[in-house]
Amino acid sequence: MITLLKKEMKLTASPVSYLFILFGLLAFLPGYPILIGTFFLCLGLFQSFQSAREANDMLYTALLPVAKRDMVKGKYMFCIVIELCYVILTTVPVLVRMTVWSDAAVYRSNALMNANLVYLGFVFLMLGLFNLIFVGGFFKTGYQFARPFVAFIIVAFFVVGIGETLFHIPALSALNAFGFTHIGLQAGVWLTGTVAFTWLTAVSMCRAIKRFERIDL
Amino acid sequence: MMALCEIKDLTKSYPSFRLSDISFSLNAGRITGFIGRNGAGKTTTIKSMLGLAQPDCGEIRYFDLPFSGNEREIKQRIGFSTGAVNYYPKRKIKHIVAVTKTFYPNWDERAYKEYLELFSLDENKMPCELSEGMKVKCNLLLALSHKAEILILDEPTSGLDPFSRDELLTIFIELKNRGVAVLFSTHITSDIEKCADDILYIQNGKIVAHCSKEEFAANCCKDGETLEESILRMERDNRI
């Protein structure tokens, strides 16, 4: 499986997938809908699927000594690695904004979503939905990616909308906590996002394997 | 004689085509020419043999192991090529090879270099810069460089000039002498006459003959008929 992952990274991946990990640093920006950075990461991953199809990667991989199910797992592994790199990178501004810059005026006066653990929970949720809707949708056919990506765009912007709206409801204002205030709630949302990511990805991969086994290449 | 690959009652249906009850075996040190007109089912059979197409039913065994569940181990021991290399057109051959060989513990770098020279391939070129014939050779290069015990080649001689075809058929004979089983599909009867030991003839998704070349000549060719003439006659009879 590691060999397949290396193949995805060296041969198949679009450089854009790596470059767009840097959008994790958007979480430093005040007055910016920071969840959009996660959408950009997904756009970068989409580029890898596009370049893989252009390069006829499925046929090439099928000729290698791997099982058909490994082809699916390889693509998921690649997405998960890129996604986790993004999460690690975007955690840096989150930690900085939660600690040394927690009282910075530009962040305190920010009308949009704050970079805290709740934000990271939403990041995980969006990445899990990408794996479910786009990656899972792609493996229904092994070549069609436009429709699953459009479906993901709709859902992603819905998630961004919810993330940017919820804390404006007075009862839920704690979601936009600064520093370590309401840390229990913050950690709860983060944990829920992490569990959602794991569950959505696992469900998507199991379904994709079953579907792809039935496809004629 | 040891059967390295056995196909039994392979069936695959499409809305407008059906591959019916395909059964044959490939033996060590034998070259099998898989012949049939375009659309007869050669590629579908080969794809089904390699799991690229999902058969409706039938049994596929290599080295006495069922293909299903043993794909990784079996694919390590077989070489497969689908005509011209039509993947990663904008990557240098050496980059494709560098990744490919990591999948094969048996990768034979010496054989790779030999075939590279024999095929006059420049590994600094990209597939998109190669002619159709050179693309076929590039695909063969990958299939031949990992000590495969069975070679399954879908129309390997299509697009090759007569000299390259002759070189390739000579390579098949060399591989056969080393005990490799070779199955190659073609619609060029002279390729079969030149190097095949056995003939597998498919018509409309059904195997109509699987025997040695000599048996085929004795049973299917009328007096004085060449292989090509007898196959053309059988195709014409089938259309009536």
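The values are calculated or read from the model by the stated rules, or taken from the named source; none is laboratory data. Only a predicted model underlies this, so the values are computations on that prediction, with no experimental measurement involved. Here Cβ is always computed from backbone atoms with ideal geometry, including for glycine, and neighbour counts include all displayed protein chains.
For segment B:136-221, please list each of the strands (runs of 3 or more DSSP E) lying entirely inside it that holds at least 3 residues being over 27 Å from B:Glu117 (Cβ atoms), more than 14 Å from every other protein chain (Cβ to nearest Cβ) and touching a helix residue (DSSP H, G or I) at 6+ places or on another chain (Cβ under 8 Å).
B:198-203, B:206-212
Residue by residue, here is whether (1) crowded, with 21+ Cβ neighbours inside 10 Å; (2) in contact with a Pro (Cβ under 9 Å, 6 or more places away or on another chain) holds:
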{"site": "A:Gly136", "(1), (2)": "yes, yes"}
{"site": "A:Gly142", "(1), (2)": "no, no"}
{"site": "A:Pro148", "(1), (2)": "yes, no"}
{"site": "A:Ala151", "(1), (2)": "no, no"}
{"site": "A:Ile154", "(1), (2)": "no, no"}
{"site": "A:Phe158", "(1), (2)": "no, no"}
{"site": "A:Leu166", "(1), (2)": "no, no"}
{"site": "A:Pro170", "(1), (2)": "no, no"}
{"site": "A:Ala174", "(1), (2)": "no, no"}
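Here's the yes/no breakdown for (1) buried (at least 23 other Cβ atoms within 10 Å of the Cβ); (2) within 14 Å of chain B (Cβ to nearest Cβ); (3) farther than 30 Å from B:Leu140 by Cβ; (4) not aliphatic (A, V, I, L, M):
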site	(1), (2), (3), (4)
A:Phe40	no, no, yes, yes
A:Phe46	yes, no, yes, yes
A:Ser51	no, yes, no, yes
A:Glu54	no, yes, no, yes
A:Leu84	no, no, yes, no
A:Ala115	yes, no, yes, no
A:Tyr119	yes, no, yes, yes
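Taking segment B:5-32, which residues are in contact (Cβ under 8 Å) with a residue 60 or more places away in the chain, within 15 Å of B:Ile46 (Cα to Cα) and out of contact with any helix residue (DSSP H, G or I) (no Cβ under 7 Å at 6 or more places or on another chain)?
Matches in segment B:5-32: B:Cys5, B:Arg18, B:Ser20, B:Asp21, B:Ser23, B:Phe24, B:Leu26, B:Thr32.
Mind checking which pairs have a first residue in segment B:86-102 that is under 12 Å from A:Asp57 (Cα atoms) and facing another protein chain (nearest Cβ under 7 Å) and a second that is hydroxyl-bearing (Ser, Thr, Tyr) and part of a helix (DSSP H, G or I), Cβ under 6 Å, 6 or more apart or different chains?
Partner pairs satisfying both residue conditions: B:Tyr87/A:Tyr60.
What are the pairs, 6+ residues apart or on separate chains, where a residue within segment B:221-240 that is under 16 Å from B:Lys194 (Cβ atoms) has its Cβ under 7 Å from a residue that is at pLDDT below 85 and of a type outside the set (A, V, I, L, M)?
Close Cβ pairs satisfying both conditions: B:Leu227/B:Cys221.
Checking B:Pro55 against (1) of a type outside the set (A, V, I, L, M, F, W, C); (2) under 19 Å from A:Leu59 (Cα atoms); (3) not assigned by TED's automatic domain parsing to the domain that holds B:Leu26, only one condition comes out false. Which one?
Here B:Pro55 meets the rest and fails (3).
Scan segment A:89-117 for residues that are touching a helix residue (DSSP H, G or I) at 6+ places or on another chain (Cβ under 7 Å) and assigned to a loop (DSSP other than H, G, I, E, B) and report the count.
6
From (1) of a type outside the set (D, E, K, R); (2) in contact (Cβ under 8 Å) with a residue 60 or more places away in the chain; (3) touching a strand residue (DSSP E or B) at 6+ places or on another chain (Cβ under 8 Å), pick out the condition that doesn't hold for A:Leu63.
(2)
Do the conditions hold for A:Tyr86, that is, is it part of a helix (DSSP H, G or I) and farther than 30 Å from B:Ala53 by Cβ?
The answer is yes for A:Tyr86.
Identify, from the list B:Ile188, B:Ile173, B:Ile152, the residue that is more than 30 Å from B:Pro105 (Cβ to Cβ) and within 15 Å of the chain's Cα centre (by Cα).
Within the list B:Ile188, B:Ile173, B:Ile152, the selection yields B:Ile188.
Please go through segment B:41-78 and pick out each residue that is under 19 Å from the mean Cα position of the chain (by Cα), facing another protein chain (nearest Cβ under 9 Å) and not in a helix (DSSP H, G or I).
B:Leu50, B:Gly51, B:Leu52, B:Ala53, B:Gln54, B:Arg77, B:Ile78
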